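Notes follow once the structure below has been shown.
The values are calculated or read from the model by the stated rules, or taken from the named source; none is laboratory data. Just so it is clear, the structure is predicted and the values come from calculations on it, not from any experiment. For neighbour counting, all protein chains shown are included, and Cβ atoms are generated from backbone atoms with ideal geometry for every residue, glycine included.
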Amino acid sequence: MSERLETVPTPEGEYFESTRFTGLSTLLGVIAVVALVLCVVGALVNPHQFSYSWLFAFAFFFTLCAGCFFWTIVHYATDAEWSVVVRRQLENIAVLLGVLALFFVPILLLRHHLYAWMVIPPGHEANLDSKRAYLNFGFFLIRAIVFFGFFIVASQMLRRFSVRQDKDGNPQFTIWLRRVSFASLPLFALCLTFGAYDWMLSLNYRWFSTMFGVYIFAGAAGSSMALLVLVITALRQAGYLKDIVTVEHYHIMGKWMLAFCIFWAYIGFGQYMLIWYANIPEETQFFLTRNTQSWWALSMLLVIGRFFVPFAILLLRSIKKHPHRLCWWRAH
C-alpha cells in the first residue's frame with residue numbers, strides 16, 4: 001500500500017509596521033496624558049472614590065492580561081496546534097503584566113482608603129484579629145511582590161523563547177517553553193487566586209469564599225479570549241494574518257468563549273446556591289447587600305447580560321464562524 005505525502009509550505013512571517021499607526025499612537029498618547037491629569041485631579045478632590053475607581057480599573061486590565069498569560073501556558077503545555085498563529089498576540093498582552101505592576105503602586109499608596117483592616121488597630125475586632133497573621137500590610141506587600149515577580153519573569157521568558165524559536169527554529173526552545181509552561185500552571189493558579197483574595201476579596205474582610213479565585217479565573221479566561229478575537233480582527237483589518245487566521249480559528253475561539261461563559265455562570269450560581277442554603281450570616285452578607293435596593297437591578301443585569309444573552313448568541317455557529325459578527329458582539 002502506497003501513501004502520498006503532501007507538504008504544506010509554511011507562510012512567511014509577518015512583521016508589525018508601527019509606522020503605519022503613527023496617528024493612532026499619537027491619539028492614544030494624548031488620551032493617556034489627559035486621563036492621567038484627570039486621575040490626579042480625582043485623587044486630590046475625592047481620594048476615597050478615586051481609590052475604588054483605580055482598583056476597579058486595575059482589576060479589569062489585570063484579569064485580561066492574566067487570562068492571556070493563562071492561554072499562553074496552556075497552549076504550550078498541551079502543544080496545541082490551532083493557536084500557533086494567534087499565540088504571539090497572547091504573549092504580547094501577557095507581558096503587559098509588568099506594566100501593570102507600576103499601576104499597582106497607587107493602590108499601595110491609597111490602601112487606607114480601600115482596606116478597612118489596614119486602619120483598624122489590633123484588639124478592636126475579634127474577627128479581624130483572628131486573621132491578622134494573613135491580613136497585615138507587610139505580608140500583603142510581600143505577596144504582591146511575589147505575584148508580580150512570577151508573572152513578569154514567566155511572561156518575559158515565554159515571549160523571549162518564542163521569538164528566538166521563530167528566528168532560528170531551534171527545537172530546544174520548544175522544550176523549554178513546554179517546561180516553563182508546565183511549571184507555571186500551578187503557580188498561576190496560586191498567584192491569581194491569592195491575588196484575587198488580597199486585592200478584591202479583602203475589601204470586606206468579614207466575608208470569605210473558597211471559590212472567589214475560581215470565579216475571577218473564569219472571568220479572566222473568557223474575557224481574555226474575547227480580547228484576542230478583537231485584536232486578531234483588528235490586525236486582519238489592517239492587512240495582517242489574512243491568509244493565516246481562518247474561519248475555523250474564529251470558530252474555536254468562539255467555542256472557548258462559550259465554554260467559559262457557562263463555567264463562570266456555574267461557579268457563580270453554585271456559590272450562591274450553597275451560601276443561600278446554608279444561611280450562615282458570615283457568608284450571606286455579601287449577597288444580602290447585592291439583593292437589596294438598587295444593587296438588585298445590577299445583579300439581575302449581570303446575570304442576564306453576562307450569561308443568558310451571550311450564551312444564546314454564542315450557541316449559534318453562524319456567529320462564531322463570522323469574524324465581524326463575533327467581534328461586534330464581544331465589543332458590546
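Among residues that are in contact (Cβ under 8 Å) with a residue 40 or more places away in the chain, in a loop (DSSP other than H, G, I, E, B) and buried (at least 18 other Cβ atoms within 10 Å of the Cβ), TYR205 is included. Within region 80-94, if we keep just the residues that are charged (D, E, K, R) and outside any loop (DSSP other than H, G, I, E, B), the residue that is farthest from TYR250 (Cα to Cα) turns out to be GLU91.
Among the residues of region 112-139, those identified as without any contact (Cβ under 8 Å) to a residue 60 or more places away in the chain and part of a helix (DSSP H, G or I) are HIS112, MET118, ALA126, ASP129, PHE137, GLY138, PHE139.
Against the test of being in contact (Cβ under 8 Å) with a residue 40 or more places away in the chain and under 13 Å from the mean Cα position of the chain (by Cα), the options LEU55, LEU64 yield a single qualifying residue, LEU64. Note on region 310-332: among residues that are surrounded by fewer than 14 Cβ atoms within 10 Å (Cβ to Cβ) and under 22 Å from the mean Cα position of the chain (by Cα), the one that is farthest from TRP207 (Cα to Cα) is TRP328. Scanning region 1-49 for residues that are of a type in the set (Asp, Glu) and modelled with pLDDT of 65 or more returns GLU14, GLU17.
Checked against the criterion of being buried (at least 17 other Cβ atoms within 10 Å of the Cβ) and either in a loop (DSSP other than H, G, I, E, B) or modelled with pLDDT under 85 (or both), region 245-255 contains one or more residues that satisfy it. Please tell me if ILE107 is modelled with pLDDT of 95 or more, closer than 28 Å to HIS251 by Cβ and surrounded by 11 or more Cβ atoms within 10 Å (Cβ to Cβ). Answer is no for this residue. Is region 223-230 home to any residue that is β-branched (Val, Ile, Thr) and either buried (at least 20 other Cβ atoms within 10 Å of the Cβ) or part of a loop (DSSP other than H, G, I, E, B) (or both)? Yes: one or more hits.
In region 58-79, the residue that is nearest to ARG179 (Cα to Cα) out of those that are of a type in the set (A, V, I, L, M) and surrounded by 24 or more Cβ atoms within 10 Å (Cβ to Cβ) is ILE73. Taken over region 256-271, the criterion of being closer than 30 Å to LEU288 by Cβ and surrounded by fewer than 17 Cβ atoms within 10 Å (Cβ to Cβ) is satisfied by ILE262, TYR266, PHE269, GLY270. The set of residues in region 153-188 being among the β-branched types (Val, Ile, Thr) and loosely packed, with under 15 Cβ neighbours inside 10 Å consists of VAL153, VAL163, ILE175. The residues on offer are GLN271, GLN293, and the sole one that is over 24 Å from LEU235 (Cβ atoms), touching a residue at least 12 places away in the same chain (Cβ under 8 Å) and among the polar types (S, T, N, Q) is GLN271. Out of all the residues in region 231-242, is one or more assigned by TED's automatic domain parsing to the domain that holds ARG290, within 30 Å of PHE286 (Cβ to Cβ) and under 20 Å from the mean Cα position of the chain (by Cα)? There is no residue in region 231-242 that is assigned by TED's automatic domain parsing to the domain that holds ARG290, within 30 Å of PHE286 (Cβ to Cβ) and under 20 Å from the mean Cα position of the chain (by Cα). Number of residues in region 308-322 that are in a helix (DSSP H, G or I), among the hydrophobic types (A, V, I, L, M, F, W, C) and under 24 Å from ILE232 (Cα atoms): the value is 6. Going by what's in this entry, would PHE150 be described as touching a Leu at 6+ places or on another chain (Cβ under 6 Å), surrounded by fewer than 21 Cβ atoms within 10 Å (Cβ to Cβ), of a type outside the set (S, T, N, Q) and outside the structural domain of VAL85 (by TED's automatic domain parsing)? Spelling it out, it is not the case that PHE150 is touching a Leu at 6+ places or on another chain (Cβ under 6 Å), surrounded by fewer than 21 Cβ atoms within 10 Å (Cβ to Cβ), of a type outside the set (S, T, N, Q) and outside the structural domain of VAL85 (by TED's automatic domain parsing).
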